[in-house]
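One structure is given here, and the rest of the page talks about it.
The values are calculated or read from the model by the stated rules, or taken from the named source; none is laboratory data. Everything numeric in this text was worked out from a predicted model, so none of it was measured. Counting neighbours? That spans all protein chains shown, and the Cβs are built from the backbone with ideal geometry, glycine included.
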Amino acid sequence: MTATLFDPITLGAIEAPNRIVMAPLTRGRAGPGFVPNELAVEYYRQRAAAGLIISEATGISQEGLGWPSAPGLWTDAQVEGWQPVTDAVHAAGGRIVAQLWHMGRLVHSVFNDGKPPVSASATKGEGRAHTPVGRLDLEEARPLRLDEIPRVIADYAKAAENAKRAGFDGVQLHAANGYLIDQFLRDRTNLRDDDYGGPVENRIRLLREVTEALIGIWGADRVGVRLSPNGETQGVDDSAPEKLFPAAAAALDKLGIAFLELREPGPDGTFGRTDVPKQSPSIRAAFKGPLILNSDYDAQKAEADLASGRADAISFGRPFIGNPDLVERIRTGAEWAADNPKTWYTPGPEGYIDYPALEAA
């Protein structure tokens with residue numbers, strides 16, 4: 001039977017009423033101490049009609065968070081800030097998982113008491129970092145020592161425990177977009193010669209071990225993973241993605257995770273455009289669970305990829321910024337409102353909770 005966007009789907013233990021997923025979207029509205037505030041409560045409540053909301057990327061530790069006013073999940077205050085958010089989503093009939101984030105070499109030292117960022121190897125990110133004191137050049141990371149890796153895994157596990165305390169329905173491991181896990185996965189940034197470097201089976205080790213730790217907290221049926229398997233992102237790339245990512249997907253399949261999400265830009269993509277072929281067909285062969293695809297979808301493309309069996313659900317990012325009622329707009333064939341990039345990361349309600357719903361437009 002051919003699936004459509006409005007067919008329900010089972011994502012592990014999560015029963016989603018439709019296949020329209022809200023992709024993770026960094027918005028920079030958290031308060032002091034990286035604590036979500038009342039603006040986030042309204043923002044997520046407005047979008048609760050999504051089959052599943054994947055939260056904005058949420059830091060697992062001070063070491064791992066290098067974005068101004070992004071939220072965290074390592075302190076009690078942050079947990080308390082998230083609780084009314086998850087309550088509001090649930091009261092509106094929605095489901096929400098927390099995306100767990102360690103930025104690795106993209107964390108500037110101003111976020112971490114002057115300490116250098118950590119990564120797989122001593123490499124430097126490309127471009128400049130967003131910081132509370134303006135844009136600053138990224139710095140060379142120091143390689144994580146073998147004896148430090150268990151501590152990083154424990155940070156992920158602690159954040160997963162905090163996500164449960166905060167009322168989320170599960171967690172997603174952010175293993176994409178050039179952040180820490182991705183820095184270990186791909187050979188441009190992983191230059192190690194120990195058990196976490198070299199051959200593919202070693203480079204996927206941290207991904208597997210962190211996922212196992214999250215499963216230990218939540219169970220496999222409430223853990224998802226996000227990968228970005230084709231093309232360079234934030235200076236992170238691989239010489240043979242066609243070998244790396246099916247192997248990573250097979251490892252995740254063996255663990256029985258609830259879903260796998262792939263960010264797959266194309267040559268005309270709005271973020272990270274690339275000519276590197278999409279890896280989802282070979283990943284699809286290696287991963288038997290629900291596969292969610294993301295990047296530059298409109299409703300027609302989404303329906304086509306569901307109908308063909310290429311994907312089981314589609315996650316929409318930017319369309320959810322300007323369209324809090326995106327699900328209803330897709331259902332009725334209404335026009336999608338444009339979002340304003342100038343207010344993606346600015347403080348306050350403008351460009352965050354003031355986009356009108358269809359009936360109020």
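Which residue out of P132, P150 is surrounded by fewer than 17 Cβ atoms within 10 Å (Cβ to Cβ) and either polar (S, T, N, Q) or closer than 20 Å to A57 by Cβ (or both)?
Selected residue: P132, the only one of P132, P150 that is surrounded by fewer than 17 Cβ atoms within 10 Å (Cβ to Cβ) and either polar (S, T, N, Q) or closer than 20 Å to A57 by Cβ (or both).
Looking at the range 57-84, I want the residues that are closer than 17 Å to Y156 by Cα and have a partner that is among the hydroxyl-bearing types (S, T, Y) and part of a helix (DSSP H, G or I) with Cβ atoms under 7 Å, at least 6 apart or on another chain. Which pairs are those?
I60/Y156
With respect to the numbered conditions (1) part of a loop (DSSP other than H, G, I, E, B); (2) within 21 Å of the chain's Cα centre (by Cα), which one is the sole condition not fulfilled by Q99?
Status for Q99: all satisfied but (1).
Here is a check on your reading of the model: is T332 at pLDDT below 95 and farther than 30 Å from A250 by Cβ?
No; evaluated as a whole, the condition is false for this residue.
Within the range 183-190, is even one residue on the phi > 0 side of the Ramachandran plot and in contact with a strand residue (DSSP E or B) (Cβ under 6 Å, 6 or more places away or on another chain)?
Within the range 183-190, not a single residue is on the phi > 0 side of the Ramachandran plot and in contact with a strand residue (DSSP E or B) (Cβ under 6 Å, 6 or more places away or on another chain).
Please count how many residues of the range 45-68 are within 19 Å of E139 (Cα to Cα) and among the aliphatic types (A, V, I, L, M).
Residues flagged as within 19 Å of E139 (Cα to Cα) and among the aliphatic types (A, V, I, L, M) within the range 45-68 amount to 1.
When the range 289-308 is examined, which residues are found to be closer than 18 Å to A16 by Cβ and of a type outside the set (A, V, I, L, M, F, W, C)?
Listed by number, the residues that qualify are G289, P290, N294, Y297, E303, D305.
Can you name the residue in the range 313-358 that is of a type in the set (D, E, K, R) and in contact (Cβ under 8 Å) with a residue 24 or more places away in the chain and is also nearest to A70 (Cα to Cα) among such residues?
Initially, the range 313-358 is screened for residues of a type in the set (D, E, K, R), giving 318, 325, 328-329, 331, 335, 339, 342, 350, 354.
If we keep only those that are in contact (Cβ under 8 Å) with a residue 24 or more places away in the chain as well, we get 318, 325, 328-329, 331.
Working: R318: 17, D325: 24, E328: 28, R329: 29, R331: 32 Å.
My answer is R318.
Can you find, within the range 258-289, the residue that is surrounded by the most Cβ atoms within 10 Å (Cβ to Cβ) among those that are part of a loop (DSSP other than H, G, I, E, B) and among the aliphatic types (A, V, I, L, M)?
A258
Kindly list, by first and then second residue, each pair from a residue in the range 34-45 that is more than 16 Å from P24 (Cα to Cα) to a residue that is in a helix (DSSP H, G or I) and at pLDDT 95 or above, limited to pairs with Cβ atoms under 7 Å and residues at least 6 apart or on different chains.
Listed by first residue and then by second, the contacts come to F34/Q78; V35/A77; V35/Q78; V35/G81; N37/G81.
If you scan the range 186-233, which residues turn out to be among the aliphatic types (A, V, I, L, M) and either more than 30 Å from A166 (Cα to Cα) or surrounded by fewer than 17 Cβ atoms within 10 Å (Cβ to Cβ) (or both)?
L191, V200
Assess whether A141 counts as being in contact with a Ser or Thr (Cβ under 8 Å, 6 or more places away or on another chain), buried (at least 18 other Cβ atoms within 10 Å of the Cβ) and either within 25 Å of A247 (Cα to Cα) or not β-branched (V, I, T) (or both).
Working: in contact with a Ser or Thr (Cβ under 8 Å, 6 or more places away or on another chain): yes; buried (at least 18 other Cβ atoms within 10 Å of the Cβ): yes; either within 25 Å of A247 (Cα to Cα) or not β-branched (V, I, T) (or both): yes.
Judged against the criteria, A141 is a match.
Among the residues of the range 313-338, which ones are surrounded by fewer than 17 Cβ atoms within 10 Å (Cβ to Cβ) and either among the acidic types (D, E) or assigned to a strand (DSSP E or B) (or both)?
Result: E328, E335.
Quick one: in the range 339-361, of everything that is loosely packed, with under 15 Cβ neighbours inside 10 Å and outside any loop (DSSP other than H, G, I, E, B), which residue is nearest to the chain's Cα centre (by Cα)?
P341
Looking at A23, A3, A50 in this structure, which one is more than 18 Å from the chain's Cα centre (by Cα), closer than 30 Å to G256 by Cα and in contact (Cβ under 8 Å) with a residue 60 or more places away in the chain?
Answer to the selection: A3.
List every residue pair whose Cβ atoms lie under 7 Å apart, where the two residues are 6 or more positions apart in sequence or sit on different chains, the first residue falls within the range 145-169 and is within 14 Å of V97 (Cβ to Cβ), and the second residue, located anywhere, is charged (D, E, K, R) and outside any helix (DSSP H, G or I).
D169/R95
Please state which of the following conditions R310 fails to meet, knowing it meets all the rest: (1) surrounded by 18 or more Cβ atoms within 10 Å (Cβ to Cβ); (2) free of Cβ contacts under 8 Å to residues at least 40 places away in the same chain; (3) closer than 15 Å to A3 by Cβ.
(1)
Taking the range 12-54 as the region of interest, how many residues are closer than 13 Å to I96 by Cα, in contact with a strand residue (DSSP E or B) (Cβ under 9 Å, 6 or more places away or on another chain) and of a type in the set (D, E, K, R)?
Looking only at that region, the number is 2.
Just one of the numbered conditions (1) out of contact with any helix residue (DSSP H, G or I) (no Cβ under 8 Å at 6 or more places or on another chain); (2) in a helix (DSSP H, G or I) is not true of L207; which one?
Just one mismatch for L207, condition (1).
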